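Each reported figure results from applying straightforward, stated rules to the coordinates on display, with no laboratory input. Everything numeric here is computed off the predicted structure, so don't read it as measured data. Cβ placement follows ideal geometry from the backbone for every residue including glycine, while neighbour counts extend to all protein chains displayed.
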Amino acid sequence: MSKYQTQRTKKVAIPAYLLFLVFCLFSCGKQTEQRQVSLIGLPITTINETSLGAGRGVSYSFEENVSEEMWAYLEELEEEGSLIDAIYRHQYISAYSPGFQSVISAEGDGNAYKNDADKPYSVIVAAITVTEVVGETDLVTEIGQHITTNIKADVDEVLALHPGYTPKEKATITIAFASGAERERMDIRPGKRYLIYGENYTDFEAELKVLVADIKKCDAKDVDLSGYAGLSYEEDKPREYCNYNSYSPALLYGKTDHIHLKDGTPMELPMQERVLDAFLTPLEPDTDVDAFLESAEGAVWRTAIQQCNIQFSCMMVIGTDCVESVYNFHQSESELVEGRFFTADEYEKGKQVCLISAENAAKTGLCVGDSLMLGFYRGADDQFHIRDYNLEHRNLLTQPFSAKIGFEGEKTYEIVGIYKQTDLWAQKSQPAFKANTVFVPNASLVGMECYTDRSDLLCTVVVADGKGDELFNTLAENGFPQDALSLYGKAK
């Protein structure tokens, strides 16, 4: 044993009876035993797809299979207690924390990269020079006419990009204009310089490697793309490219979506009051980007850069009255690796305590016992987490931050536990959450306008142990469909 280890041992030595006393006192004050949840039922939600006509795409609507009458009956069974132990309604809101570092799939091993999984962190602000106009498409959709222009460009300077991405020298960009007049004003042609705000940033090299690796059944890091350049860019080298989309805010003007309050009441807020006007601004050939950003005309771009940087430190916050009932924890796809779950007292009194992911803890340098300040917000589209994920996969997402809307309020939480997810970027047919998710007691979110519903994403029915068949039989006897709930036993 080294001298340092011997001295350290002597320094912290405590009599065994004192250790036992401290343990007993701590155990009495903190009841941290994990709740035992054997069987859960998740409401089934049907996704309806409706064609908007030739060339206009589709729209989606969500229909809960559990009727209001059935919910009332399930709540009666919960109160009676023999078949249902509890019905938990989880809440959803997004938050920003200074210094918090979100993680994206682009930072994982090569096979983990999934562009869709990185929303809403896949935004970019850059200065570009157009090298080629590839083509245009005139479309008419449910939000009106718009012209899509595809370009290739040199990336002169990246002003905002998630640090998990590797900046690229070239880009292929799809730009959506609200009208032909707007397109004419922008005068898109080779040699022109622009500031551009983009979404759905994709590293083409990483995406192509995943595609080839899936075909060859190998690791993406072992894929050599030297023979694949012609798949998309003719003689261009795919490793030099990124691609993303840029949408005119005018496409949304006149459109009014709903922000849903905690009780489900919709509140109308025009999109003009939610979305920044940063889109595409022409620059003169000799314009200094830094000088432009300091000018009055550059004010909206300064805000756009700030909005992106805030987004990179945002997370999804799930309020719950029983973490152990959440599908991922119940199925052991997420497990506590350090610290503890919440106590009954913390749930009841809404103590400001939280669980964070091991990935966020490692990247940000956070530990159990540290404080985490959360600035809560509602995004430009509070239905983003429902509408904008792959409809074949049940994955919640952090909301896009809106500098126009700002924050609702802030609270400081103590980190009491760290959890690890077994397959962080998998897209599944079961409800799931991604990295950058923080769990808190429901009651700690009082005063925040959270979203909730009775879908399988945000509602869990805890069935009494061994009572699954009896519950289904009881539902059938009372005229309720048995296929409105999916039952899941506790994963071993």
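Each residue of region 438-444 in turn: what ³J(HN,Hα) in whole Hz from Karplus with 6.51, -1.76, 1.60 and θ = phi - 60°, glycine and Pro shown as x? Each residue of region 438-444 in turn: 10, 9, 9, x, 3, 5, 6 Hz. With the simple spin-label model, which puts each label point 7 Å out from Cα in the Cβ direction, the E169 to A476 separation comes to 6.7 nm.
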